[in-house]
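Structure first, then comments.
The values are calculated or read from the model by the stated rules, or taken from the named source; none is laboratory data. What you see is a predicted model, and the numbers here were worked out from it, not measured in a lab. Every residue, glycine among them, receives a Cβ derived from its backbone with ideal geometry; neighbour counts consider all protein chains shown. SASA here: full protein model, heavy atoms, side chains in, ligands and nucleic acids out. Shrake-Rupley method; radii C 1.70, N 1.55, O 1.52, S 1.80 Å.
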Amino acid sequence: MNIFKLSRKNVFESWRRSMSLGTFIFLATFLLLFFTSFISTMQNDLNQAISNSLSGDIQLRQGGTTEGDMLSLKGKWGQMAYLEQKTVATIETLLNENDNMESYTKRIRNDAMLSKGSTKQHSMVIGLDPSLEAYKKAFILTEGSYLNPNRTDEVLLPKNYADKLGVKVGDSVDLIAATKDNKEVTVSFIVAGTGQVDRLASFSFYPVYTSLQGSQALTGFRAGEMTDIIVYADKGKSDKLSNELQAALSTKGLDSNAVKVSTLSEMGGFLNSIISIYVGILYAFIGILLVIMAILIINLIFMMGLERRSEIGTLRAIGYSRNRIVMIFLGEIFIITTIFFVIGLIIGIALILLLSQLGIPLGAPLDLVLGKVFNIQFDWSQVLMVFMIIYGFALVSSLYPSIKSASVKPAETLREGS
Amino acid sequence: MSTVILQEVSKSYELGRTSVPALRGIDLEIQEGEFVTMAGASGSGKSTLLNLIGCLDVPTTGEVWIGDTLVSDLDDKQLNETRLRQIGFIFQSFNLIPVLNVYENVELPLLIMKEVSKKERKKRIDYFLNAVGLSSFADRKPSELSGGQRQRVAVARALVTKPRIVLADEPTANLDSKTGIEIIELMQQINKREKTTFIFSTHDPKVMQRANRIFHLVDGKIEKVENIR
């Protein structure tokens, strides 16, 4: 027998007390695991949505522009930074030679005013290759169809813009913009479809999609001139690809002052700040749960100390040091924590995996952020964090009451016990 | 050779602003291998005296010597070591750990004696369980034993570390008189066989007559020392 056997026996003999603490450890583990997976999935989904609809995994643009300029939904009217035809050709050559890339597309992105009669609506127009699949994953159609690759005069409108302007699929709508030479142009487009960007509508993100040729007409760009090229990298290879591209561009005389290469994580500042509000609320809830768990542990150990004053006195009398008695208490908390942490982990993982298969159907307003069906994803990297938080809280909160309980004077406790 | 020496020992407890004297100017000397008792009525200071000898408490004034060690010179770690290696305790309420069985209760002090191997541990436990007549009860929990059996376990636990001194605070108080006498006889046998010094407290005249010397305590003072044989 070692002294932890005493801890183990105490845990199982006082099983009701162990259960009451264990229940909270189980709940904290389960909820922490569930919420961290929830947050991680939400973050990944939103990142995916913004990647599909706006930024790609990597964006190449003119040097000197900031990440904020390229993601901002309120760009500066008529002040366009763009890549020249030769630069775009160089980038395309490099991209075609790279193996870590899934696909890429050239884009023209500018600000424009939608106009129908006397009704106007400021918007961000994204001109792209209509055959690109990513924007179709992001833009959920409610009516009509996606852009026809054979037509250059079509637009996809967010449904709320279409409603505000009073246009339907098949109607024409004007776009008024300032060209790169700061001349005002008005171009008529046909509404091919209406819908909204998956998960991003609640963040007031309402892009208007059109073809590259449509955007050229609005910006005055010549063939081959682009505001940016976005790249969809192989999974987990964004950073590597970004570094490779920046290095390869430098060898072609295009350093970061000429062409800036940014990954989604580098660009996603505003997205993360929005998500952080949701994350904050969830972590505040977990924090309250952990504080309750800590109070329970403190209370439990003080109770154990009171109940076992005579036992502690006996152990001190036969030569056990205060530290050894503290170790016995900590041993009990460690055993209870381990048992219920493992149970919480198993049930949590099982439920998350089940829900990831089934999906959680959501209604308004949650679907605006989480999508119509939320497929929570389990992330193994969360387990280590949950482990550290639960064990850290359990052991830290049990330390003080254990020391306090073990610090009784043996003569006093023995006098009480006699 | 003196095992325990107390010189001018006084002990007071503070109760609010009042100081309550428990022991007043105790002088005593106990030789190695003696079988002595502290006799006196409840509140006479017997337990306080045993606590001081057992390094569980410190005197307000005076000196307590265990062998050639002055107890007040010891730090907390040394006090633990002294209690572990030099002193064995037997309590009135047995003070066994309820969740452990007989074998494990006896094993408890040996677990923290690093120099005692697992094999030696088992040998010692078996020997002392046999000595107290509880070899066949090793797997029982304290709740499954009679009062006398529980006190025998406490005796085995006190002896298993081979201490110089065994302190027993009213070891028969919670036992019927027949069982009480059996426990004292068991302690006497071990005293003779192992040459361990036994110091026990009692207010039972039948029990105190079993000692070699009786220190009669009245109101915290040694009123009389009686040599029996």
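Taken residue by residue and averaged, Cβ atoms of other chains lying within 10 Å of the Cβ of B:161-170 number 1. Here region B:1-159 exposes an accessible surface that is 48 percent carbon and sulfur, computed with a 1.4 Å probe and the other protein chains kept in place.
What FRET efficiency do you get for B:GLN31 and A:PHE302 if R0 is 51 Å and r is their Cβ-Cβ distance, rounded to the nearest 0.05? It comes to 0.70. In this structure, the amide hydrogen of A:GLY127, modeled 1.01 Å from its nitrogen in the peptide plane, lies closer than 5 angstrom to those of A:ILE108, A:ARG109, A:ASN110, A:THR210, counting only residues at least 5 positions away or on a different chain. Dipole size of chain B about its Cα centre, with +1 on Lys/Arg Cβ and -1 on Asp/Glu Cβ: approximately 780 debye, rounded to the nearest 20. Within the listed set A:GLN196, A:GLN357, A:GLN216, the Gaussian network model of chain A (springs between alpha-carbon atoms below 10 Å) gives the highest mean-square fluctuation for A:GLN357. Please identify which residues in region A:116-144 have an amide N closer than 20 Å to a label point set 7 Å out from the Cα of A:GLU92, following the Cα→Cβ vector. Only A:126-135 fall inside the zone, counting backbone N under 20 Å. Backbone amide hydrogens, once placed in the peptide plane, bring A:GLU154 within less than 5 Å of A:ILE190, A:SER211, excluding anything fewer than 5 places away on its chain. Using equal-weight Cα scatterers in the Debye expression, the normalised intensity of the protein assembly as shown in log10 at q = 0.07, 0.09, 0.10 Å⁻¹ is -0.64, -0.78, -0.89. Normalised by the number of residues in region A:272-414, the mean separation of alpha-carbon contacts (under 8 Å, six or more apart) gives a relative contact order of 44 percent.
For the protein assembly as shown, the dipole from Cβ point charges (+1 on Lys and Arg, -1 on Asp and Glu) about the Cα centre works out to 1680 debye, to the nearest 20.
Taking each DSSP H run with n ≥ 4 as -39500 (n - 2.57) and averaging over every residue of chain A yields -18000 deg cm²/dmol at 222 nm.
Mean per-residue shielding of peptide B:50-57 is 4, counting Cβ atoms of other chains within 10 Å of each Cβ. Modelled label positions at A:LEU353 and A:ILE339, each set 7 Å beyond Cα in the direction of Cβ, lie 2.5 nm from each other. Modelled spin-label separation between B:SER72 and B:GLN7, with each label point placed 7 Å from Cα along the Cα-to-Cβ direction: 1.0 nm.
Estimate for me the total accessible surface buried between chains B and A (protein heavy atoms, probe 1.4 Å, no ligands or nucleic acids), in Å² to the nearest 100. Don't skip to the end; give the middle numbers.
Numbers: alone 11230 and 19710 Å², together 28600 Å².
Between B and A, the summed buried area is about 2300 Å².
Compared with the dominant Cα axis of chain B, that is its longest principal axis, helix B:76-86 is turned about 60°. Projecting the Cα atoms of B:GLN78, B:THR37, B:GLY133 onto the charge dipole of chain B, computed from C-beta unit charges around the Cα centre, puts B:GLY133 farthest toward the positive end.
Exceeding 18 Å between C-alpha atoms, which entries from my cross-link table qualify? They are A:LYS86/A:LYS106; A:LYS106/A:LYS136; A:LYS137/A:LYS168; B:LYS178/B:LYS206; B:LYS77/B:LYS122. In this structure, A:LYS137/A:LYS168; B:LYS77/B:LYS122 lie more than 18 Å apart at Cα.
How much of the calculated P(r) for region B:1-144 lies past 25 Å, in percent of all Cα pairs? Intermediate results must be reported in sequence, preceding the final value.
Values: 4370 of 10296 pairs.
It works out to 42 percent of all Cα pairs.
So if R0 is 30 Å, what FRET efficiency would A:PHE285 and A:THR142 give, r being the distance between their Cβ atoms, rounded to the nearest 0.05? Result of the calculation: an efficiency of 0.30. Span-like helix criteria (full DSSP H runs; alpha carbon extent of at least 30 Å along the helix axis; mean Kyte-Doolittle hydropathy of at least 1.6) are satisfied in chain A by A:269-307, A:322-358. Cross-link partners of A:LYS120 among aspartates and glutamates, defined as those whose alpha carbon lies under 14 angstrom from its own and excluding same-chain residues fewer than eight positions apart: A:ASP111, A:ASP163, A:ASP174. Sketch the reach of a paramagnetic label on A:ASN323 as a point 7 Å from Cα along Cα-to-Cβ, and name the residues of region B:48-76 whose backbone nitrogen lies under 13 Å away. From region B:48-76, the list is B:76. For region A:102-233, the alpha-carbon radius of gyration amounts to 0.98 times the rule-of-thumb value 2.2 N^0.38 Å expected for a compact globular protein.
Residue-wise HN-Hα couplings along region B:163-169, as the Karplus relation 6.51 cos²θ - 1.76 cosθ + 1.60 with θ = phi - 60° gives them from phi, are x, 6, 10, 10, 9, 10, 8 Hz; Gly and Pro carry x. Across region A:148-155, computed HN-Hα scalar couplings (Karplus, 6.51 cos²θ - 1.76 cosθ + 1.60, θ = phi - 60°) run 7, x, 8, 10, 10, 10, 9, 10 Hz from first to last residue, x flagging Gly and Pro. Other residues with beta-carbon under 15 Å from the beta-carbon of A:SER18 carry, at +1 per Lys or Arg and -1 per Asp or Glu, a net charge of +2.
Cβ-Cβ distance of A:ARG8 and B:TYR127, R₀ of 35 Å, FRET efficiency by 1/(1 + (r/R0)^6): the value works out to about 0.80.
Ranking A:ASN100, A:GLN121, A:THR90 by how far each Cα lies toward the positive end of the dipole of region A:82-125 (charges on Cβ) leaves A:GLN121 at the top.
Could you please put A:ASP181, A:ASP379, A:ASP228 in sequence from largest to smallest accessible area, using a 1.4 Å probe? Intermediate values should be presented prior to the final figure.
Values: A:ASP181 100, A:ASP379 50, A:ASP228 0 Å².
Accessible-area ranking of A:ASP181, A:ASP379, A:ASP228, largest first: A:ASP181, A:ASP379, A:ASP228.
In the neighborhood of A:ALA49, defined by Cβ-to-Cβ distances under 10 Å, what is the net charge if each Lys or Arg adds +1 and each Asp or Glu adds -1?
Values: positive: A:LYS137, A:ARG199; negative: A:ASP45, A:ASP198.
It works out to a net charge of 0.
Using only side-chain charges placed at the Cβ, +1 for Lys and Arg and -1 for Asp and Glu, the dipole size of region B:25-149 relative to its Cα centre rounds to 740 debye.
What pairs in A:LYS116/A:LYS260; A:LYS180/A:LYS252; B:LYS114/B:LYS195 have C-alpha atoms more than 32 Å from each other? Pairs exceeding 32 Å: A:LYS116/A:LYS260. Accessible surface of A:SER310, taken over heavy atoms with a 1.4 Å probe and every protein chain present, rounds to 40 Å². Across chain B, the relative contact order, built from alpha-carbon pairs under 8 Å that are at least six residues apart, equals 29 percent. With all protein chains kept in place, the per residue accessible area of the protein assembly as shown amounts to 44 square angstrom at a probe of 1.4 angstrom.
Residues of region B:94-131 that lose at least 30 Å² of accessible area (1.4 Å probe, protein heavy atoms only) when the other protein chains are present, relative to their chain alone, are B:ASN95, B:ILE97, B:VAL99, B:LEU100, B:GLU104, B:LEU108, B:LEU111, B:ILE112. Summing charges over all other residues whose Cβ lies under 13 Å from the Cβ of A:MET226, with Lys and Arg as +1 and Asp and Glu as -1, gives +2. Could you tell me which residue out of A:LEU27, A:ASN2, B:LEU217 lies farthest along the dipole of the protein assembly as shown toward its positive end? Charges go on the beta carbon: Lys and Arg +1, Asp and Glu -1, centred on the Cα centre. About the Cα centre, the residue reaching furthest to the positive side is B:LEU217. Computed from label points 7 Å out along Cα-Cβ, the spacing between A:ASP99 and A:ASP379 is 2.9 nm.
Per residue of B:80-92, other chain Cβ atoms within 10 Å of the residue Cβ number 4 on average. The alpha-carbon of B:LYS192 sits under 18 angstrom from the alpha-carbons of these lysines, leaving out residues fewer than 8 places away in its chain: B:LYS162.
Against chain B, whose longest principal axis comes from its Cα atoms, helix B:118-131 is set at around 80 degrees.
Our summary gives region B:132-229 a relative contact order of 21 percent, counting only alpha carbon pairs under 8 angstrom and 6 or more residues apart.
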